[in-house]
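The values are calculated or read from the model by the stated rules, or taken from the named source; none is laboratory data. Note that this is a predicted model, so its numbers are computed, not measured. A quick note on method: Cβ atoms are made from the backbone with ideal geometry, for glycine too, and the neighbour counts reach across all protein chains shown. Remember, those area values only see protein heavy atoms, side chains included, never the ligands or the DNA or RNA. Shrake-Rupley method; radii C 1.70, N 1.55, O 1.52, S 1.80 Å.
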Amino acid sequence: MRCPRSPGGRGAARRDPGQRRLRTADRGRCGPEATLAASSSEAGSLDGAEIAVGSKNFSENIILGKIALIMLKAAGAEVTDLTNIPGSTAARQAEVEGQIDAMWEYTGTGWINYLGHDKPIPDEQEQYQEVRDEDLEKNDLVWLPPAPMNNTYGFAITRESVDKYGIKTLSDIKKLPKAEQTYCVETEFTNRPDGLPGMLKTYGLSASDDQLKIFQTGAIYDATDRGECVLGEVFTTDGRILALDLTVLEDDKEYFPKYNVSLVLREELYEEYPQIEDLMAPVTEKLTDEELIAMNAQVDVDGKEPTDVAYDWLEEQGFID
């Protein structure tokens, strides 16, 4: 099995003169050697393919990027690891400009943040189809069929708060005394078109400045667990929900968009190597909320390396030997 090409390989060659080089923690690292299981080999070889795989810089997206790297490399592709790109905008721009060829992306992010629509499409499949068609037409990007997982926004409360207040849904927040309707959120969430203002409006709620506490994304989970606020903004597949025994309130009015993850390829890569879709389809189908929560917890709670988590999961699921 071949190692990834150097940073001077295909991805760098297509970068415009003077353009800022991508800075990633794992740039060009050679991933673990693996052999495809017999069932995965039926998709066909990727010998001759040169593929730069990117990801954003949070645990789940990095793990998914490693999964793609391992599978593509095991199928014979020469891969470059460009995972761990800081920020969604930078990662997206890298794929649009051709610095990376493949990256996992979320349908809700594509529809609202990248394609500029104001309102999410409630039906998961319909939203995927609309994103797939529009992004192909405008940006030459191919969205493969999405996973069942849905890493959307949510609000979580502690087990003690569940027992104390007896609330299960976002509509139930109204039952809390006004002074105890306190929210731990990140700065971006207070301004996003799919963030806090719309959620409060949808559920007939309000929050003054002294009811909001701002934290970095990763700090919200511990802050909620410590009782800094009653309601903590979370990503619904984050492993710390399980580790801290938090309970995610049901979004009973379906305010938050669906964020099903899909492997997005540059069109030229997909046309030359369409077997990538068959190779990755069984993997994508196994990516449920439960599987992502467990993998995320191994990184965020247990301190394991994303590459090791991705490799072990692929082996456990029977995709590699």
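Scanning the range 213-227 for residues that are under 19 Å from E160 (Cα atoms) and open to solvent by 10 Å² or more (accessible area, probe 1.4 Å) yields a count of 4.
Scanning the range 233-268 for residues that are of a type in the set (A, V, I, L, M) and open to solvent by 50 Å² or more (accessible area, probe 1.4 Å) yields L242, A243, V248. The C-beta contact set for the range 39-50 (first residue within 9 Å of Q275 (Cα to Cα), second residue hydroxyl-bearing (S, T, Y) and surrounded by 14 or more Cβ atoms within 10 Å (Cβ to Cβ), distance under 9 angstrom, 6+ apart or interchain) comprises G44/Y273; L46/Y273. So for the range 39-52 (the condition being open to solvent by less than 20 Å² (accessible area, probe 1.4 Å), at pLDDT below 95 and in contact with a Leu (Cβ under 7 Å, 6 or more places away or on another chain)), does at least one residue qualify? Yes: one or more hits. The listed residues are K164, K175, K168, and the only one of them that is touching a helix residue (DSSP H, G or I) at 6+ places or on another chain (Cβ under 9 Å), exposed (fewer than 15 other Cβ atoms within 10 Å of the Cβ) and either without any contact (Cβ under 8 Å) to a residue 40 or more places away in the chain or of a type in the set (D, E) (or both) turns out to be K175. For the structure I just gave you, tell me whether V230 is buried (at least 18 other Cβ atoms within 10 Å of the Cβ) and within 22 Å of A294 (Cβ to Cβ). No.
Does any residue of the range 247-256 turn out to be of a type in the set (S, T, Y), assigned to a loop (DSSP other than H, G, I, E, B) and farther than 18 Å from L170 by Cα? So far as the range 247-256 goes, no, none of its residues is of a type in the set (S, T, Y), assigned to a loop (DSSP other than H, G, I, E, B) and farther than 18 Å from L170 by Cα.
Just to be sure I understand the filter: pairs with C-beta atoms under 9 Å, separated by 6 or more residues or on different chains, first member in the range 256-274 and under 18 Å from L69 (Cα atoms) and touching a residue at least 12 places away in the same chain (Cβ under 8 Å), second member of a type in the set (F, W, Y) and outside any strand (DSSP E or B). Which pairs pass? Taking only residues 6 or more apart or on different chains, the pairs are S262/Y128; L265/Y273. For the condition surrounded by fewer than 16 Cβ atoms within 10 Å (Cβ to Cβ), among the acidic types (D, E), modelled with pLDDT under 55 and out of contact with any Ser or Thr (no Cβ under 8 Å at 6 or more places or on another chain), D16 qualifies. Does V301 satisfy being open to solvent by 20 Å² or more (accessible area, probe 1.4 Å) and not small (G, A, S)? Against the criterion (open to solvent by 20 Å² or more (accessible area, probe 1.4 Å) and not small (G, A, S)), V301 qualifies. Figure legend. Inter-residue proximity from the range 303-321: first residues at pLDDT below 95, second residues not in a loop (DSSP other than H, G, I, E, B), beta-carbon distance below 8 Å, spacing 6+ or different chains. Indicated pairs: D321/L36; D321/E315. You will find that of D209, D194, the residue that is touching a Pro at 6+ places or on another chain (Cβ under 7 Å) and either of a type in the set (D, E, K, R) or within 22 Å of V162 (Cβ to Cβ) (or both) is D194 and no other. Within the range 55-75, the presence of at least one residue that is among the small types (G, A, S), modelled with pLDDT under 95 and out of contact with any strand residue (DSSP E or B) (no Cβ under 9 Å at 6 or more places or on another chain) is confirmed.
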